[in-house]
Structure formats: structure tokens, C-alpha cells
1. Counting only protein heavy atoms and a 1.4 Å probe, tell me what percentage of the chain's accessible area is made up of carbon and sulfur.
2. Show me, for region 84-93, the HN-Hα J-couplings you get by feeding each phi into the Karplus relation (A = 6.51, B = -1.76, C = 1.60, θ = phi - 60°), rounded to Hz, glycine and proline as x.
3. Rounded to the nearest 10 degrees, what's the angle between the helix 61-71 long axis and the longest principal axis of the chain, both from Cα atoms, 0 to 90?
4. If a/c stays under 1.5 just call it rounded; otherwise compare a/b with b/c (prolate if a/b is bigger, oblate if not). Do that for region 55-137, with a ≥ b ≥ c from the square roots of the Cα gyration tensor eigenvalues.
5. If you average the sequence gap of Cα pairs under 8 Å that are 6 or more apart and divide by the length of region 1-125, what percent do you get for the contact order?
6. Return one whole number: the accessible area per residue of region 30-111 in Å², for a 1.4 Å probe.
7. Computed from the mean reciprocal separation of all distinct C-alpha pairs, what Kirkwood hydrodynamic radius does region 4-82 have, in Å?
8. Need one number: convex hull volume per residue for region 53-95, Cα atoms only, in Å³.
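The values are calculated or read from the model by the stated rules, or taken from the named source; none is laboratory data. Keep in mind that what you see is a predicted model, and the values were worked out from it rather than measured. Note that we place each Cβ from the backbone using ideal geometry, even for glycine, and neighbour counts take in every protein chain shown. Protein only, heavy atoms only, side chains kept; ligands, DNA and RNA dropped before computing areas. Shrake-Rupley method; radii C 1.70, N 1.55, O 1.52, S 1.80 Å.
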Amino acid sequence: MAQEVAFQLENTVALLRQFPATLAALLGALPAGLTAANEGEKTWSAFDTVGHLCHLERNHWMQRVRTVLEHGPRQPLAPVDRFAQMRESTGKSLADLLAEFAMLRAANVAELEALHARGSLGTEQLAQPGAHPSLGPIT
């Protein structure tokens, strides 16, 4: 029988911190032809997906945290350009993107931990809803 685990920020931080290395282990040694392949028009390859993660890490993740903490559901979160990585990843290799993602994630996790250390990210703040630009209230 599965046991439910209570939310602990430290566990989430561990997952967030480990993910770039896990992604690099899964994709880093694969041939470019495999990681660049997609399933047709307007579909994403593994390369595109890592580029998208970089875009979100750089432009949305901590910005959304700050918006929710400061404004709650009163201010909608900025919409995501779901295809920004197509422009932003031009001229980069998958290794470049994996390294960029790891660097961006480390900086964002450090900022998240700093918010928590200052008391700005406790149980009450983590339960505060935000406003998704198209879905409405989110937690």
C-alpha cells in the first residue's frame, strides 16, 4: 500500500535540483539525429523540449513565483510563448542547452531557497493561489 507523503519544500527542492542532471543523463549522449527528430509540423523534438525548459527557467518560473507572492490571484501570470525556444535555441547544441538549463535551474533554486530562508516562502505562501492567463485561479 502506498503511503502519502506530506509536502515538504526540501523534497521539492531536491527534485528541482536533480532534474537537470537526470535530463543530461537521459539525453546527453544520444545522437543529434535522434534528439532533433520530431513527429511533424508544430511538434517538438527532445532538443526543442530542452530549449523550452530553458525559456521557462529564464523567463517564467521565478517571475511567476514572485507574481503570486506579491499579487496573488489579483494579477494574472504572464502568458508563455510556447514556441520561443525555436528562436532562442538557434545556433546552439543540445549540450549547450543542457548546460544552460542546469545553470538557470541552479540560480532559480538558490533564489527559491533564499525566499524560504527569509521567511517569504512558508506554508501560507505556498498555498496562495495565482491567476493563470487562460485557466483562471491556480494553486
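1. That share works out to 60 percent.
2. Going residue by residue, I get 4, 4, 5, 7, 5, 8, 4, x, 9, 9 Hz, with x marking Gly and Pro.
3. It works out to around 20 degrees.
4. It comes out oblate by the Cα gyration axes.
5. Dividing the mean separation by the residue count of region 1-125 yields 31 percent.
6. Normalised by residue count, the accessible surface of region 30-111 is 55 Å².
7. Over region 4-82, the inverse of the mean reciprocal pair distance is 15.3 Å.
8. Taking only Cα atoms, region 53-95 has a hull volume of 63 Å³ per residue.
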